[in-house]
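Undergrad: Encoded as structure tokens, here's the structure I'll be asking about.
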Amino acid sequence: MAGTVVAMSPKSSLGINAAVFQQDYFLARRKVFSFAPKLYIWDSTGATLAFVRQKVFALRDDVRVFTDETQSFELLHIKGRNIIDFGAAFDVTDSLNDQKVGVLKRRGWKSLLRAEWDILDPLDQEIGKIREDSALLAIIRRFVGRIIPQGYTFELGGEAIGTARQSWNIFAPTMTVDLTTDPAKRLDRRLVVAAIMLLMSVEKNVERR
């Protein structure tokens, strides 16, 4: 009816407009000195945008991404499709509308020496990739572990549109994520956030195997 104002719930009013999904540049940090490892995403001012409290990470486990440590507002649900972590695929769902955003799939054999992930759309069609930086550094990391920080490139349609670079601090691993070359957000930032959470947890687990 004309003139009627429809009140929106907090979930419907936030949606994809959540602050973390509007960022072209942010920091992600993994806090390891706690009973359960924690992952944070901060903006350039240090404000918390997203939070994950990890279980003893198993690749079949559900990963729930919240706005902050209160875990009162869930943003994303990341679920592994199977228990085989060698080439695991993870469905990413928007918890606010229960819609599938896409899939992040780790390329098992290729990732033995150099990590590579496929970025898929909601229909499981490939739209992009995430690749570990140089092949040489990737191979060296397999032998020396976390001493050499990791770096990744986000690609969309064969074009590099962003990077994720880890710091040298092995006690507080931090990634700087820069997608300022994709201001139109052609790559859904919900997939970017999910990818960073997985890169900072799955890749670390695989390296220790």
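Undergrad: Could you check the spin-label model distance between residue 159 and residue 126? Points 7 Å from the Cα along Cα→Cβ, value in nm.
TA: 1.9 nm
Undergrad: So, one more: With r defined as the distance between the Cβ atoms of residue 97 and residue 25 and R0 fixed at 30 Å, what FRET efficiency is calculated, to the nearest 0.05?
TA: Calculated transfer efficiency: 0.70.
Undergrad: Could you give the nm distance between label points at residue 71 and residue 36, where each point is 7 Å from its Cα heading toward the beta carbon?
TA: The answer from the label model is 0.3 nm.
Undergrad: Same structure again: Which residues' amide hydrogens lie under 5 Å from the amide hydrogen of residue 162, considering only partners 5 or more residues apart or on another chain, with H built in the peptide plane?
TA: 154
Values quoted throughout were computed directly from the atomic coordinates according to the rules given, and no laboratory measurement underlies them. All of these numbers come straight from a predicted model, not from anything done at the bench. Note that we place each Cβ from the backbone using ideal geometry, even for glycine, and neighbour counts take in every protein chain shown.
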